[in-house]
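Before any comments, here is the structure.
The values are calculated or read from the model by the stated rules, or taken from the named source; none is laboratory data. What you see is a predicted model; the values in this text were computed from it and never measured. Glycine also receives a Cβ, built like all others from the backbone with ideal geometry; neighbour counts cover every protein chain displayed.
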Amino acid sequence: MDLPCCNEETYGLPSPARVSTPETLCYTVAKGSSGSPLTGIGTRVTRILLTPSKFRALEVWSVAAFPEYHEKRGYTPAHCPSVRISEMKILFSLRHSGAIRNFGSVLRRLAAQGHDIHLSFVMADKIDHRGGRIITDLQKECPSITYSELLKRTDVRWFELARATRFTIDLLRYRLPIYAHAIALRARAERRVPRPARWLTKIPIFRWKLFNQAAHRLFLAIERAIPVDPVIEADVLDQQPDLLLVSPLVDLGSDQVDYIKVAKKHGIRSGLCVHSWDNLTNKGLMRVLPDRAYVWNEIQLAEAVDHHGMEASKVVVTGASNYDQWFDWEPSRGPEAFKTEVGLDPDAPYLLYLCSSPFIAATEIDFIEEWIAAIRASDDPMLRNIGLLVRPHPENRQPWHRLDPSTLGNTAIWPLQGANPVDLGARSDYYDSIFHSCGIVGINTSGQIEAGVVGRKVFTVRRPEFADSQAGTLHFHYLTDVGGGLVQVGDDLAEHLAQLKKHVSSEEDGEATRRFVREFVRPHGLEVNATELFVKELVAQGEAGGPNPEKVPFWLLPARWLLAPLAILMHWKIRIVRRRRKAERVASAGGLMSQIIAVPRKLALRTLHGILRRRRVRGFVNRYVIPRVAGDRATFPKMVVTERQIQRLARSPKDKIIVGPWLSEVGFEV
C-alpha cells in the first residue's frame with residue numbers, strides 16, 4: 001500500500017508532540033510511549049523499523065512532521081510523495097527448496113499482494129541438482145521473497161536430547177493397534193530412535209491405547225520442558241514476522257517444532273501448511289500444536305483432530321493448492337509429436353507408468369519387467385501392441401539398463417533419470433506425458449492424484465512385495481474409496497490386465513474421477529481455486545489479533561533442571577564419538593605428510609566455507625556461476641543419488657555388499 005506523507009494517524013505513527021527531533025523518532029516508535037515494545041503505537045510501524053528497507057516510511061513522516069528541520073538540509077516532502085510498505089511479513093519454514101513445488105502458487109500470490117516472505121530451509125534440497133535454481137528463479141519472479149538456510153545446530157547442548165525425545169514420541173504412535181500392519185512405517189521410525197527407547201517401546205504394554213497415551217503425555221511434557229533451540233529462535237526474531245508458517249512439521253523427529261515453540265513464546269501467529277496427502281498419517285506427530293492447520297479436505301481435517309489433537313475450529317480446509325496449476329494447464333505439443341520425441345509409435349495409444357518413491361517401491365524395476373512382459377503376452381491384440389511409457393521417480397534410481405526398449409516392443413523410458421517438475425519445461429513434459437496417455441498405472445504415488453486432476457483413469461495392482469506400502473499405510477485406501485475411488489485395483493496381474501483390456505477398448509465418461517477430485521482435491525467445488533482460498537485464509541490469520549506470549553509453566557522448571565545433566569551427557573557423548581571417528585579417519589588417511597597437509601587444508605576449507613555461507617556470495621554463485629559451469633543438464637545428480645544409496649545401505653542392519661564390474665560410468669561416484 002502507499003503511505004502518504006501527512007497521513008500519520010492512519011498508520012499509528014507518533015504525533016509530533018511526542019518527539020522533539022527526528023533523531024528521537026526511531027526510539028519513540030520502536031519502544032512506544034511507555035518505553036516497552038509494541039506499546040502505544042501500531043505494530044505495523046514497529047515491524048517497519050525492524051527492517052532497514054522499510055525505515056524510509058518513517059523518513060517520509062519525519063519530513064512531514066519537521067518541515068523546518070529538513071528544509072535547512074534541502075529535503076522536503078516533495079522529494080518523497082509516497083512510499084510503498086509491505087502489508088505483512090511472513091516467515092515460512094520449509095524442509096528444503098524442493099518444497100516450493102507444493103507452495104509455489106501460494107507464495108507467488110502472497111508476493112503479488114505486497115507481502116514480504118522469507119523462506120527458511122532446514123536443509124539443502126537433495127534432488128535440486130541445479131544448485132539452488134528453484135529458489136533463485138522464484139526470487140527473480142518475486143523480489144519480495146528472500147531465503148536462508150538454517151545454521152548448524154549440533155553444538156546446541158539440548159540438541160541430542162530433543163531429537164531423542166521427538167523420535168520416541170513419533171515411534172509411540174506406530175505401537176498403537178491402528179498401525180499393527182504398518183510394518184515398513186514402524187521400521188522406519190525405529191531406525192532413528194535410541195536403542196533404549198526402541199527396546200522399551202517394544203514391551204507389549206505400549207500397544208494398549210491408554211498406556212500408550214500416558215507415555216505420550218509424559219514425553220510431551222519433556223518436550224515442553226526442553227528449552228527452545230537458540231538458533232531457531234534467532235532465525236525467527238531476526239525476521240520479526242507477523243505470521244510464521246511451517247511445513248511439513250510432521251517429519252519423524254522434526255526440529256521444526258521449535259519454530260512453533262518460539263512463536264508461542266513470543267506471541268507470534270503460527271500455522272501448519274500440510275505438504276502432501278499422506279503427511280498426517282504416515283510420518284510423525286505435531287508435538288506442539290500451531291494456532292492453525294491448513295489442510296486439503298475433510299479427511300485431513302479428521303486426521304488432524306483424531307491423530308494430532310487439533311481442535312476442529314482451528315483446522316481450515318482450503319483444497320490442494322499445489323494441484324491448481326493442472327486445472328488450467330495446456331499441452332505444449334500434440335500427441336504425435338510427443339510420442340515421437342519420447343520414442344513411441346506416434347499412431348498408437350500408450351499407457352503411462354508412474355514410478356514411486358524408494359520407500360514405497362525400492363526394487364520397482366522387478367515388477368515393471370514382469371508387468372511389461374505380461375502385457376506383451378496378452379491375448380488381446382490391442383493391449384498387446386499398446387505403447388508403454390515408464391516415467392522414473394527422480395529419487396528412486398533403478399538399473400534401467402536392464403530394460404532394452406528395442407526388445408520390448410512399443411516401449412520407452414523417459415526421462416531416463418526422472419525429473420522433478422519444478423520449472424516450466426519439466427512441468428510441461430510431465431503434463432504432456434499424462435495428458436496424451438490413455439491411462440495411468442502406478443503403485444502408490446501422488447502422481448496418481450495429478451492424473452485424476454488431468455482426467456485420466458488410474459490403475460494399480462496389489463503385490464506381496466508392495467503390501468507394506470499399500471495396505472500397510474493408512475492413506476492408500478483414499479485412492480480406492482474416496483468419491484467412489486480414483487484408482488481401480490487388481491488383486492493380481494491377471495485381473496489388472498483384464499481391467500486394462502476393458503479400459504482401452506471402451507469409452508468412459510470419467511465421472512468417478514471427477515467425484516474423487518471434487519471431494520479430495522477441491523472440496524469447495526471444482527470451480528473454486530484452492531490457492532486463492534488458501535491465501536485469503538492466511539491473510540485473515542495474519543491480520544487477526546496475535547496470541548498472548550506463553551511462558552513455561554512453573555511446574556516444568558524442575559523437570560528442566562533434572563533433564564539438564566542428561567542433555568549434557570548426551571551432548572558430550574556425541575561429541576566424543578565424533579572426535580574418535582575423526583581421529584580414526586586421520587589415522588587411516590596416510591603418513592606424516594598427509595597429516596601435515598591436512599592442517600592447512602582444513603583451515604582453507606573452513607575459510608572457504610565461511611565465505612560461501614554469506615548470503616550475497618551464495619546468491620551470486622547460485623545465480624551466475626553454477627548455471628554457467630553446470631548448465632541445466634548437469635551430470636552430477638548421479639553422484640548425489642549414489643551417495644544417498646550408499647548412506648541407505650550403511651543404515652541398513654543387513655550386510656552391505658558392493659560388486660562390479662560397472663555397466664555404466666558410476667565407479668567414480670562410489
**Message:** One residue is enough: does the range 349-370 have a residue meeting the conditions closer than 17 Å to HIS503 by Cα, surrounded by 17 or more Cβ atoms within 10 Å (Cβ to Cβ), assigned by TED's automatic domain parsing to the domain that holds GLY455 and hydrophobic (A, V, I, L, M, F, W, C)?
**Reply:** yes
**Asked** Does VAL504 meet the test of being closer than 30 Å to ARG292 by Cα and aliphatic (A, V, I, L, M)?
**Response** no
**Asked** Can you tell me which of HIS393, HIS308 is in contact with a Cys (Cβ under 7 Å, 6 or more places away or on another chain) and either outside the structural domain of ARG463 (by TED's automatic domain parsing) or free of Cβ contacts under 8 Å to residues at least 60 places away in the same chain (or both)?
**Response** HIS393
**Fill in**
Filtering the range 162-178 down to residues that are over 24 Å from the mean Cα position of the chain (by Cα) and either part of a helix (DSSP H, G or I) or surrounded by 21 or more Cβ atoms within 10 Å (Cβ to Cβ) (or both) yields ARG175, PRO177, ILE178
**Asked** Got a sec? Which of VAL257, VAL288 is closer than 26 Å to THR531 by Cα, more than 14 Å from the chain's Cα centre (by Cα) and touching a residue at least 24 places away in the same chain (Cβ under 8 Å)?
**Response** VAL257
**Request:** Could you grab me the full set of residues in the range 131-150 that are assigned to a loop (DSSP other than H, G, I, E, B), touching a helix residue (DSSP H, G or I) at 6+ places or on another chain (Cβ under 6 Å) and modelled with pLDDT of 85 or more?
**Result:** CYS142, SER144
**Prompt:** Does the range 197-254 hold any residues that are part of a helix (DSSP H, G or I), without any contact (Cβ under 8 Å) to a residue 40 or more places away in the chain and within 30 Å of LEU150 (Cα to Cα), and which are they?
**Reply:** ALA197, ARG198, ARG217, LEU218, GLU233, ALA234, LEU237, ASP238
**Filter result for SER105 (in contact with a strand residue (DSSP E or B) (Cβ under 6 Å, 6 or more places away or on another chain) and in contact (Cβ under 8 Å) with a residue 24 or more places away in the chain)** = no
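Rundown of residues vs (1) polar (S, T, N, Q); (2) in a strand (DSSP E or B), yes/no style:
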site: MET286; (1), (2): no, no
site: PRO290; (1), (2): no, no
site: TYR294; (1), (2): no, yes
site: GLN300; (1), (2): yes, no
site: SER332; (1), (2): yes, no
**Item:** Leading residue by the ranking (nearest to ASP235 (Cα to Cα)) among those in the range 76-122 that are in a loop (DSSP other than H, G, I, E, B) and modelled with pLDDT of 85 or more
**Value:** VAL122
**Message:** Looking at VAL482, VAL441, VAL454, VAL489 in this structure, which one is without any contact (Cβ under 8 Å) to a residue 60 or more places away in the chain and assigned by TED's automatic domain parsing to the domain that holds GLY334?
**Reply:** VAL489
**Message:** Quick test of your reading of the structure: THR363 fulfils all but one of (1) under 16 Å from ILE443 (Cβ atoms); (2) of a type in the set (S, T, N, Q); (3) modelled with pLDDT of 95 or more. Name the failing condition by number.
**Reply:** (3)
**Message:** Being surrounded by fewer than 19 Cβ atoms within 10 Å (Cβ to Cβ), among the aliphatic types (A, V, I, L, M) and at pLDDT below 90 is the requirement here; does LEU424 meet it?
**Reply:** yes
